[in-house]
């Protein structure tokens, strides 16, 4: 009975997301921010907090949007607060929904599958690597929630890169309407470099654990 209720709740959230998505656009958000300068940041933080259960909201996209709408400094502050809360929500949401349901979502990401074996013995290092290499933020939280990693290790490893990564993407977002600027080009290159980390690191990881397994 409990599993059926969970499925109904998750399905209802997905349906609401699908129905709401066509009615949300950039101009509407900008107008709302201008008219609600106090409420807008609070709503953005709340949206970041619950995005772990709003499956269509990408963390990277929200962070870039924060830079475009609020600027680098304020955008980073709002994203860091919301990100710290959403990390908590994503981890325990995965535990609540159950391993089988969330594992299906996680297994669709090839980069996480590549480092899953290594992460069993190096959980916090695996989290840190994934956080720094553009693996979707909530997917990492889902994986951690079903992997058996201790919450403290997961959360500390998530918070370490949260500020610099948030700053990078909000800065990129603040420069997105100036694609020929040095700031835009440099931040884009760093983002691309970070995205390439799994392809550089993972082969070395697999080789390094073999002697330990045989020993």
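The values are calculated or read from the model by the stated rules, or taken from the named source; none is laboratory data. Just so it is clear, the structure is predicted and the values come from calculations on it, not from any experiment. No Cβ is skipped: glycine too gets one built from the backbone with ideal geometry, and neighbour counts run over all protein chains shown.
Remarks
- When restricted to residues that are assigned to a loop (DSSP other than H, G, I, E, B) and closer than 13 Å to residue 52 by Cβ, region 139-158 contains 0.
- Residue within region 176-188 that is at pLDDT 85 or above, over 17 Å from residue 88 (Cβ atoms) and buried (at least 16 other Cβ atoms within 10 Å of the Cβ) present: yes
Quick grid of which residues meet (1) in a helix (DSSP H, G or I); (2) buried (at least 20 other Cβ atoms within 10 Å of the Cβ); (3) at pLDDT 85 or above:
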position: 14; (1), (2), (3): yes, no, no
position: 21; (1), (2), (3): yes, no, no
position: 28; (1), (2), (3): yes, no, no
position: 37; (1), (2), (3): no, no, no
position: 46; (1), (2), (3): yes, no, yes
position: 79; (1), (2), (3): yes, yes, yes
position: 85; (1), (2), (3): yes, no, yes
position: 95; (1), (2), (3): yes, no, no
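- Pick from region 109-138, criterion in a loop (DSSP other than H, G, I, E, B) and farther than 23 Å from residue 49 by Cα, ranking: modelled with the lowest pLDDT: 120
- Hey, residue 66 closer than 16 Å to residue 173 by Cβ, part of a helix (DSSP H, G or I) and at pLDDT 85 or above or not: yes
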